[in-house]
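Notes follow the structure.
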Amino acid sequence: MRSQHSYEVLVLGGGMTGLAAGFASEWPVFEAESTAGGICSSYYVRPNSADRLGVAPEDGEAYRFEIGGGHWIFGGDPVLTRFIRSLTPVKSYPRLSSVFFPERALYVPYPLQNHLSYLPPDIRVRALTEMLTGPKGNPKTMADSLRQSFGATLTEMFFGPFHELYTAGLWTSIAPQDGYKTPVDAALAIRGASERTPPVGYNATFLYPEQGLNTLALRLGNQCDIHFNKRVIRVDARGKEVAFADGSTINYGSLISTLPLNKMLLLADLKLEEGPDPYTSVLVLNLGATRGSKCPLDHWIYLPNTQSGFHRVGFYDNVDPSFLPRSSQGNNERVSIYVERAYIGGEKKPTELQIQSYADSVVRELQEWEFIKHAEVVDPTWIDVAYTWSWPGSQWRAKALSRLEENDIVMMGRYAKWSFQGIADSIRDGLYVGATSRKGSHRSAATRPLVANA
């Protein structure tokens, strides 16, 4: 089949990174789904309904959720924040999160190591001693790193069981990662053993659009040449042709791709001698419910153990009441929740029956904790590549990026680069790479499709 068009540059993926690249480069963006934003897309569900709505109903009587659970904007520099504000008004929020121990009915502010005063005295003393005097070295695995940083007591109490759930069991074999998320500050740990300490960390404050995260994606998308329902099924790296599931093909000079790194290698049939690094999938369960008497005020909580296997629960409406049906905003009657459970990436996705059984179990567990009373909406989403990891000493990521670059495929964004980053950094990635490929620039002289064949 002859290609209908040929472009000097194509952008694959209409999430935040791809949209920013399309905006900055003016080249077309091809998105697999029918809407922009990727896992940062918002949607609406009326109470006691299973139908997803792309826009809020006129009467406002619907819960608002996000495809990938709560995604908040953190880490943006002033210039990037100004760019985001130029697209949609945003509010700033101080983070409110805790570690929750269900068996003790105990909440400890995040990060745990800076709030030891909430723990029993014997645990407090032992944990602080281990953090300050424990042996240090060059940890090979995430488990080694956590034990060196936090000591045996806190690792056994929280960091071990939480990461067992969060990584779906990979934490004992993958390389250390994301240490900046839970830094150890000896002075704050000592202070926190006897008094309150200030919030710290990469997300101590965050931004969120006043009208929902989807407004940011939609307004960015409105300034792009974006093509929906264009799922990539093959990339001919040698012939420089992309084939889509709808039967169409397009030639290109170079690709800007936001697709997951492992999937891009497969699509382009580019092989490496080294096996791929691991990843985890996540089942996001969005819940709308009547609020229970013990529902916390936190934006999200981390859990070291649960009967149902989830590791985090977030409360959308504790960030902003606009996540609730209009009639419930401000009266504390309802709650909008997301629940995350991790699975080993590449293994068989749970069946519909298994997902339903899990959802029922989650609802019962939240009811037992008195977080919720009656569940009005239970809506699951499977995120195939949700968190990316690496094996100790692995060179797969670097080799994969280099191999793709050799074939004029530039990878950008969280999953394409196989490295955790937030929305702000993802947008920055897209703007930077897009600007270097902008139409009319020295790297991209074309101002229109090179070929337009019927």
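The values are calculated or read from the model by the stated rules, or taken from the named source; none is laboratory data. What you are looking at is a predicted structure, and each value in this text was computed from that prediction instead of being measured. A quick note on method: Cβ atoms are made from the backbone with ideal geometry, for glycine too, and the neighbour counts reach across all protein chains shown. The accessibility values were calculated without ligands, DNA or RNA, using every heavy atom of the protein model including side chains. Shrake-Rupley method; radii C 1.70, N 1.55, O 1.52, S 1.80 Å.
Let me have the 222 nm mean residue ellipticity of the chain computed from DSSP H runs of 4+ only, each contributing -39500 (n - 2.57), with the sum over all residues rounded to the nearest 500.
Result for the chain: -8000 deg cm²/dmol, rounded to the nearest 500.
Let me check the size of the stretch 125-220 from its C-alpha atoms; what are the radius of gyration and Dmax in Å?
17.1, 52
Give me the accessible area of E195, 1.4 Å probe, in Å² rounded to the nearest 10.
Roll a 1.4 Å probe over it and E195 shows about 90 Å².
Hey, how many Å between the Cα centroid of the stretch 131-183 and the Cα centroid of the stretch 307-346?
A separation of 27 Å, based on Cα centres.
Would you mind checking the radius of gyration and Dmax of the stretch 192-269 based on alpha-carbon positions, in Å?
Cα-based Rg and Dmax for the stretch 192-269 come out at 20.7, 65 Å.
Expressed as a rounded percentage, what relative contact order does the chain have, with Cα pairs under 8 Å and six or more residues apart?
It rounds to 28 percent for the chain.
Express in Å², to the nearest 10, the accessible area of S173 obtained by rolling a 1.4 Å probe over the protein heavy atoms while all chains stay in place.
About 50 Å², rounded to the nearest 10.
Let a ≥ b ≥ c be the square roots of the eigenvalues of the Cα gyration tensor of the stretch 5-71; is it rounded (a/c under 1.5), or, if not, prolate (a/b larger than b/c) or oblate?
prolate
Using label points projected 7 Å from each Cα along Cα→Cβ, tell me how many nm separate Q307 and E274, to one decimal.
For Q307 paired with E274, the spin-label model returns 4.5 nm.
Given the whole protein assembly as supplied and a 1.4 Å probe, what does the accessible area of C40 come to in Å², nearest 10?
Approximately 10 Å² for this residue.
For a protection proxy built on the mean count of beta-carbon atoms within 10 angstrom, sort 286-292, 239-245 highest first, please.
286-292, 239-245
Hey, what angle do you get for helix 396-406 against the long axis of the chain, alpha-carbon based, 0 to 90 degrees rounded to 10?
Roughly 20 degrees, rounded to the nearest 10.
Ranked from the most accessible area to the least, with a 1.4 Å probe and all protein chains present, what is the order of L116, L96?
Sorted descending by solvent-accessible area, the residues read L96, L116.
Could you tell me the center-to-center distance, by alpha carbons, between the stretch 260-276 and the stretch 29-61 in angstrom?
32
Helix 352-368 against the longest principal axis of the chain: what's the angle in degrees, Cα atoms only, rounded to the nearest 10?
Approximately 30 degrees, to the nearest ten.
Rank E376, E368, E26 by accessible area, highest first, at a 1.4 Å probe radius?
Output order, biggest surface exposure first: E368, E26, E376.
To check you understand DSSP bridge types, tell me what percent of the beta bridges within the chain (both residues inside) are antiparallel, rounded to 5.
In the chain, approximately 75 percent of DSSP beta bridges are antiparallel ones.
Would you please state the base-10 log of I(q)/I(0) at q = 0.07, 0.11 1/Å for the chain, with intensities from the Debye formula using one equal scatterer on every alpha carbon?
Log10 of I(q)/I(0), two decimals: -0.38, -0.94.
With an 8 Å Cα cut-off and a minimum separation of 6 or more residues, compute the relative contact order for the stretch 130-262 in percent.
Over the stretch 130-262, the number comes to 14 percent.
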